[in-house]
Structure formats: structure tokens, C-alpha cells
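Read through the structure below, which is laid out as C-alpha cells, and then see the notes.
Taken together, the values in this text are just the output of simple stated rules run on the coordinates, not laboratory data. Because the structure is predicted, anything quoted here is derived from the model rather than measured. Glycine also receives a Cβ, built like all others from the backbone with ideal geometry; neighbour counts cover every protein chain displayed.
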Amino acid sequence: MRYFTAVVHQNDDSAYGLSFPDLPGCFAAADDWNAIPAAVADALDLWFEDMPDVEPLSLEELRRRDDVRQQLAEGAVLMPVPYIPADTALARVNISLDRGLLRAIDETAKARGMTRSAFISSSARREIVGA
């Protein structure tokens, strides 16, 4: 898992705007602070669909860039965000869970029309990425 750094800015009462200096053309918007992780995850997935793999720039490299320094001077903040590349290949794993937790997972997954695996994957992604 890699972390890319987003430049987050907001003007007055507008939505939050996010851009990634090391990913030209990758941007996102979120109506409130709590919606940022989901917006960022979508933006990164879309960007990497059509673009080559890129190693994230270090925080020090980003801070030395004139465009980033300008945005920070105007009130923007830097936010590291985890990126989990989309990979449709499945891997079979063996995990151990408390039986009560497993029953709760199965009941919740069934109520949501999901498989156990889909529920666990979704929950893990949400915990890691915040989306």
C-alpha cells in the first residue's frame, strides 16, 4: 500500500477541493471533511485506470514545489491518503475469528445481500482507507 499526498483547499463555504501534485489531472471534491476519504478513493481509482503506475513523491519533495508552496500559503493543507490498487484477482485465505463475531458478520452480510467475503473485504477497505 502506498500513500499519496493530497493538497486540500476550501474557499469560504465551498466544498473541499483535493488535488495530487504528483498525479496530473487527478482531483476530487467533497462536501464535508468526513466525505474526503471516499472522494479520494474514487479519484485515485479512476486516475490509475488510464494512467501508468507512479511512485508517490515524498513529503519533502512536494513541499519544495513552487505550486504546492503557493497553495499552502493560501491556506491549503497536505493530507496523506492510502491507495489500495484495484485488483480483481481473488486470493483464498484462512483466517480465525471469534464465533460470535463470525455470526454477526454472516447475519449482517446476509441482511445486506452480500457474501461473507465481500462484507469482510468491504469492512477492511473502509477501515484502512476510511471510505
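Worth pointing out:
- Where only alpha carbons of the range 1-45 are counted, the Rg and the Dmax (Å): 10.2, 34
- Using the Karplus relation 6.51 cos²θ - 1.76 cosθ + 1.60 with θ = phi - 60°, the per-residue 3J(HN,Hα) values for the range 15-31 come to 5, 7, x, 10, 9, 10, x, 8, 10, x, x, 8, 8, 8, 9, 9, 5 Hz, with x marking Gly and Pro.
- When the convex hull of its Cα atoms is viewed from all sides, the range 88-131 shows a mean projected area of 3.7 nm².
- Each of ILE128, ILE95 has some number of other Cβ atoms within 10 Å of its Cβ, and from fewest to most they run ILE95, ILE128.
- Max mean-square fluctuation residue, GNM over the chain, Cα-Cα springs under 10 Å, options ILE120, ILE84, ILE36: ILE120
- Computed Kirkwood radius, in angstrom, where 1/r is averaged over Cα pairs of the chain: 16.9
- Dipole moment magnitude, nearest 20 debye, the range 36-87 about Cα centre, only Lys, Arg, Asp, Glu C-beta charged: 380
- Helix axis angle, 99-111 relative to the chain longest principal axis, alpha carbon, degrees: 70
- The C-alpha atoms of the chain define a longest principal axis, and helix 116-129 lies at about 30 degrees to it.
- Dipole of the chain [Lys/Arg +1, Asp/Glu -1 at C-beta], most positive-end residue of PHE20, TRP47, ILE120: ILE120
- Pairwise centroid distance, computed over Cα atoms, of the range 1-67 with the range 83-131, Å: 26
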